[in-house]
Ligand code: HEC
């Protein structure tokens, strides 16, 4: 009896896990940051930041990033200062105990669109637009998932699939119904470097930007890894030679 119960429990768990995760498998792309020698594509990160700022920032924060972190994406100090100064930051309290507004500084965090989670939900029909700083790490196969999600609108839904009021069909989102309307359309932004702003291009640039946001120190980490491997190689050879010499003497 107990065995049957266990089997049923395991089966029901397996099915419920499947029901929650029946999203389409993400498209598999090649990224410059892949692999042990992966590097950032800085022009793309800068374009991605522009799309984030002009489109996504209406609803999503990247609260882990300060303006000065953008130096790692190739922005100059003057560009960062000018960018930060374009924002108004609430600071304080001053000597009179009052909060005051001032222009942003390079050391400020990039401001969030909503004061708190409840306000964000209230403005988005109950769905919460998550902070995007770590989203690439927080989702399985994050870079490919993000690209697929952003380019995954406009698919026709299967006949037996219902989309509730206030949700949008996207086959890459678990259960297919997402509370985010399609945020991207072609030529929504004008890139300064002349790159054509197709939905695919903007999505790729956003992935590069959000990958950078999630791990700005990635290049140093990978380079250090390569150095450590090289070091271990050299030392293995060194100890191997030492071992041969020692045992050669003992064998005489
Ligand atoms: C009009 C507001 C709005 C805009 C603009 C917007 N989003 Fe969203 N986004 C949402 C909401 C609401 C959710 C939560 C959806 C849900 O949980 O069903 C969400 C969810 C997400 C998720 C999480 C999906 C998951 O797996 O949980 C990602 C990633 C995302 N948005 C990326 C973006 C990017 C990138 C942009 C800019 C191109 C953008 N969003 C623009 C409202 C918005």
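When restricted to residues that are over 23 Å from residue 29 (Cβ atoms), assigned to a loop (DSSP other than H, G, I, E, B) and touching a residue at least 60 places away in the same chain (Cβ under 8 Å), the stretch 123-140 contains 3. Could you go through the stretch 29-43 and let me know if any residue there is closer than 23 Å to residue 174 by Cα, more than 11 Å from the ligand (Cβ to nearest atom) and assigned by TED's automatic domain parsing to the domain that holds residue 180. Yes, that holds for at least one residue. Under the condition of being part of a helix (DSSP H, G or I) and within 10 Å of the ligand (Cβ to nearest atom), the residues counted in the stretch 164-204 number 3. Of 143, 120, all but one fail to be in the same structural domain as residue 30 (by TED's automatic domain parsing), assigned to a helix (DSSP H, G or I) and within 9 Å of the ligand (Cβ to nearest atom); the exception is 120.
Mind checking whether some residue in the stretch 152-161 is within 10 Å of the ligand (Cβ to nearest atom), without any contact (Cβ under 8 Å) to a residue 12 or more places away in the chain and more than 14 Å from residue 206 (Cβ to Cβ)?
No: zero hits.
Looking only at residues in the stretch 205-215 that are crowded, with 22+ Cβ neighbours inside 10 Å and over 17 Å from residue 149 (Cα atoms), which one is farthest from the ligand (Cβ to nearest atom)?
Residue satisfying both the conditions and the ranking: 212.
The residue of the stretch 104-115 that is nearest to the ligand (Cβ to nearest atom), among those that are more than 23 Å from residue 72 (Cβ to Cβ) and at pLDDT 95 or above, is 113.
Looking only at the stretch 146-159, which residues are buried (at least 16 other Cβ atoms within 10 Å of the Cβ) and assigned to a loop (DSSP other than H, G, I, E, B)?
Taking the stretch 146-159 and keeping what is buried (at least 16 other Cβ atoms within 10 Å of the Cβ), we get 146-153.
Selection gives 151, 152, 153.
Restricting attention to the stretch 87-123, the residues that are surrounded by fewer than 10 Cβ atoms within 10 Å (Cβ to Cβ) and farther than 17 Å from residue 62 by Cα add up to 8. Within the stretch 65-79, one or more residues are more than 21 Å from the chain's Cα centre (by Cα), surrounded by 14 or more Cβ atoms within 10 Å (Cβ to Cβ) and modelled with pLDDT of 95 or more.
For the residues 77, 54, the requirement of being touching a residue at least 24 places away in the same chain (Cβ under 8 Å) and not assigned by TED's automatic domain parsing to the domain that holds residue 196 singles out 77. Residues in the stretch 57-74 that are assigned to a helix (DSSP H, G or I) and touching a residue at least 12 places away in the same chain (Cβ under 8 Å): 57, 58, 67, 68, 69, 70, 72, 73.
The values are calculated or read from the model by the stated rules, or taken from the named source; none is laboratory data. All of these numbers come straight from a predicted model, not from anything done at the bench. Please note: Cβ atoms are built from the backbone with ideal geometry, for glycine as well, and neighbour counts cover all protein chains shown.
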